[in-house]
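Trainee: First the structure, which I've put down as structure tokens, then a few questions once you've had a look.
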Amino acid sequence: MSAAPVTNRASLVSMTALVVCLVGVAAAERGVAAPPSPPSPPLELRAFVNDRCIVADEPWYRPEGSDRTTDRSLTLFGMLATKLAGVFLQQAVGAAAGRIQARAARQDTRYAVAKQASLYVADLAPAPTVHLNGRLGCLTIVAGAFEPGDPDCRASYLPRTLDGESAALSQDQWRTDRTDESLENVLRRANVCMTQVRATYEARFDFSDDGTAWRLRNAGYRIERLLTTERAESERSLFYTLDVRAPGRTREPELLSTAWVDLGRVKAGARDAGGAGPELPWLRVPPLSDEARRFYNETTSVHQETAAQVQALQRALARNEIVRATLEQRRRKATGALAQSLRAEIVRTQTQGITLEAELEARRAEYAGLRQDALDLMPVSI
């Protein structure tokens with residue numbers, strides 16, 4: 001960025017401040033009270049579920065002119081990481097959370113309620129397959145004062161550029177040369193716009209290899225100030241629970257699974273890089289619901305039928321090739337009428353193989369003409 005726009009912006013800020021001061025002085029001279037300052041934004045607890053952690057997985061950027069190939073690749077990675085839409089959890093909305101909060105006796109207990117996410121995803125290319133939603137990778141909980149409205153602060157994010165002197169060292173020794181290392185700046189990368197960050201906590205979703213169990217794994221936390229007191233020496237017990245609920249036939253959603261994290265006694269300035277601490281117990285992954293399975297079968301019935309035909313043709317081609325190779329081997333050892341008969345059978349097998357290849361290409365073209373984008377299955381609230 002050139003120096004001129006910065007100077008102009010600074011001049012505008014100075015002029016604005018001067019005008020505000022003059023208006024305040026003029027109002028005081030006329031005996032008129034200056035307009036009251038706007039109230040400070042309320043302290044809230046919000047959480048975000050994304051495929052990657054916002055704070056722990058912040059990417060590095062090469063400084064300009066260091067290595068153009070690496071510079072482009074790291075910049076691309078950083079841009080992809082800014083698109084962390086994921087699931088946004090609002091504070092204390094919804095009937096169920098309202099009733100829970102009304103019953104809460106402690107003033108230092110905070111609640112957040114999620115919008116719906118999909119627990120499972122069905123990929124339709126190259127064939128229909130159902131698997132766990134890969135975007136449920138990391139839970140980021142943010143406490144503090146959020147900017148009002150629906151702002152977009154990604155353009156104000158200062159990337160973590162790599163200091164040139166530490167570029168030759170191992171990654172755990174890298175240093176950045178940016179001037180703003182605040183949590184407010186880091187969160188802008190994911191368009192989480194804060195006027196003041198009190199604390200962040202992140203946990204990774206850890207799924208078992210067979211996809212039947214899950215747990216939370218600590219990815220680190222930073223506590224700048226406590227939510228319930230301004231005293232720096234005060235301590236509080238910090239405990240998070242995460243519920244996975246599915247819409248039910250009643251007003252109360254059905255509780256499918258619950259995970260918990262106990263961070264113990266913490267105070268302002270507490271830091272944790274993650275990865276340490278006791279392993280949390282495994283929890284059973286809720287299976288695909290009957291409604292989701294029914295929707296999947298109805299929506300992908302043609303996909304499943306066509307994909308099965310493609311697989312059957314591929315197996316038929318493989319068998320046909322084995323038969324042709326076997327006949328060719330026998331023909332070399334045969335003589336007379338048997339050799340002629342085997343030669344004719346080989347020609348017929350080759351013709352059949354060409355026919356199977358043509359039908360296979362037709363079925364593949366038919367499948368390519370069907371819907372290819374993934375299906376979200378089994379909506380849940382987190």
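The values are calculated or read from the model by the stated rules, or taken from the named source; none is laboratory data. Small disclaimer: the values here were computed from a predicted structure and weren't measured. Backbone-built Cβ (ideal geometry, glycine too); neighbour counts: all protein chains shown. The protein model used for the area step is the full one, side chains on, heavy atoms only, and it has no ligands, DNA or RNA in it. Shrake-Rupley method; radii C 1.70, N 1.55, O 1.52, S 1.80 Å.
Trainee: Before we move on, is VAL186 in a loop (DSSP other than H, G, I, E, B) and open to solvent by less than 40 Å² (accessible area, probe 1.4 Å)?
Mentor: Values: in a loop (DSSP other than H, G, I, E, B): no; open to solvent by less than 40 Å² (accessible area, probe 1.4 Å): yes.
Judged against the criteria, VAL186 is not a match.
Trainee: Can you tell me which of ARG271, ARG251 is farther than 28 Å from GLU58 by Cα and touching a residue at least 40 places away in the same chain (Cβ under 8 Å)?
Mentor: Numbers: ARG271 fails: farther than 28 Å from GLU58 by Cα.
None of the other options fit; the residue is ARG251.
Trainee: Same structure, new question: Just for region 215-233: of the residues that are open to solvent by less than 40 Å² (accessible area, probe 1.4 Å) and modelled with pLDDT of 90 or more, which one is farthest from GLY137 (Cα to Cα)?
Mentor: ILE223
Trainee: So, one more: State all residues of region 155-177 that are of a type in the set (Gly, Ala, Ser), outside any loop (DSSP other than H, G, I, E, B) and open to solvent by 40 Å² or more (accessible area, probe 1.4 Å); if no residue qualifies, say none. Please lay out each step first, then the result.
Mentor: Quick first cut of region 155-177, residues of a type in the set (Gly, Ala, Ser) only: 155-156, 164, 166-168, 170.
Next cut, outside any loop (DSSP other than H, G, I, E, B) only: 155-156, 164, 166.
Matches in region 155-177: ALA155, SER156, GLY164.
Trainee: Okay, moving on. Output yes when any residue across region 196-211 is open to solvent by less than 20 Å² (accessible area, probe 1.4 Å) and of a type in the set (S, T, N, Q), and no when none is.
Mentor: Yes, region 196-211 has at least one match.
Trainee: Tell me yes or no: at least one residue of region 132-154 is in a helix (DSSP H, G or I) and either within 20 Å of TYR221 (Cβ to Cβ) or open to solvent by 70 Å² or more (accessible area, probe 1.4 Å) (or both). I'd like the intermediate steps shown before the answer.
Mentor: Step one: filter region 132-154 for residues in a helix (DSSP H, G or I), giving 154.
Filter again for either within 20 Å of TYR221 (Cβ to Cβ) or open to solvent by 70 Å² or more (accessible area, probe 1.4 Å) (or both), leaving 154.
Yes, the conditions are met somewhere in region 132-154.
Trainee: Let me ask you something else. Mind checking which residues of region 194-213 are on the phi < 0 side of the Ramachandran plot and either outside any strand (DSSP E or B) or among the aromatic types (Phe, Trp, Tyr) (or both)? I'd like the intermediate steps shown before the answer.
Mentor: Initial filter on region 194-213 (on the phi < 0 side of the Ramachandran plot): 194-210, 212-213.
The answer is TYR201, PHE205, PHE207, SER208, ASP209, ASP210, THR212.
Trainee: If a residue must be assigned to a loop (DSSP other than H, G, I, E, B), open to solvent by 100 Å² or more (accessible area, probe 1.4 Å) and not charged (D, E, K, R), how many such residues does region 258-305 contain? So that I can check it myself, show each step before the final result.
Mentor: Of all residues in region 258-305, those assigned to a loop (DSSP other than H, G, I, E, B) come to 268-270, 273-282, 285-289, 300.
From what is left, the residues that are open to solvent by 100 Å² or more (accessible area, probe 1.4 Å) are 278-279, 282.
If we keep only those that are not charged (D, E, K, R) too, we end up with 278, 282.
Selection size over region 258-305: 2.
Residue-wise test of (1) open to solvent by 40 Å² or more (accessible area, probe 1.4 Å); (2) in a helix (DSSP H, G or I); (3) more than 30 Å from THR300 (Cα to Cα).
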residue: LEU313; (1), (2), (3): no, yes, no
residue: ARG332; (1), (2), (3): yes, yes, yes
residue: GLU357; (1), (2), (3): yes, yes, no
residue: GLU361; (1), (2), (3): yes, yes, no
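Trainee: Applying the selection to region 177-197, what residues are touching a residue at least 24 places away in the same chain (Cβ under 8 Å) and within 23 Å of the chain's Cα centre (by Cα)? Show your work before the answer.
Mentor: First, pick out the residues of region 177-197 that are touching a residue at least 24 places away in the same chain (Cβ under 8 Å): 177, 183, 185-197.
Within region 177-197, LEU183, ASN185, VAL186, LEU187, ARG188, ARG189, ALA190, ASN191, VAL192, CYS193, MET194, VAL197 qualify.
Trainee: Inside region 238-257, can you point out the residues that are open to solvent by 80 Å² or more (accessible area, probe 1.4 Å) and outside any loop (DSSP other than H, G, I, E, B)?
Mentor: PHE239, THR241, GLU254, LEU255
Trainee: Are there any pairs with C-beta distances below 7 angstrom linking a residue in region 285-309 that is closer than 20 Å to LEU256 by Cα to a residue that is part of a loop (DSSP other than H, G, I, E, B) and open to solvent by less than 70 Å² (accessible area, probe 1.4 Å), with the two at least 6 apart or on different chains, and if so which?
Mentor: Cβ pairs passing all conditions: VAL285/GLY211.
Trainee: Which ones in region 296-310 are closer than 17 Å to LEU375 by Cα and of a type in the set (Ser, Thr, Tyr)? Outline the logic, then answer.
Mentor: Taking region 296-310 first, the residues closer than 17 Å to LEU375 by Cα are 296-304, 307.
Listed by number, the residues that qualify are TYR296, THR299, THR300, SER301.
Trainee: Is at least one residue of region 300-321 among the β-branched types (Val, Ile, Thr) and touching a helix residue (DSSP H, G or I) at 6+ places or on another chain (Cβ under 7 Å)? Walk me through how you get there before you give the answer.
Mentor: Narrowing region 300-321 to residues among the β-branched types (Val, Ile, Thr): 300, 302, 306, 310.
Cutting the leftovers down to touching a helix residue (DSSP H, G or I) at 6+ places or on another chain (Cβ under 7 Å) gives us 306, 310.
Yes, region 300-321 contains at least one residue that is among the β-branched types (Val, Ile, Thr) and touching a helix residue (DSSP H, G or I) at 6+ places or on another chain (Cβ under 7 Å).
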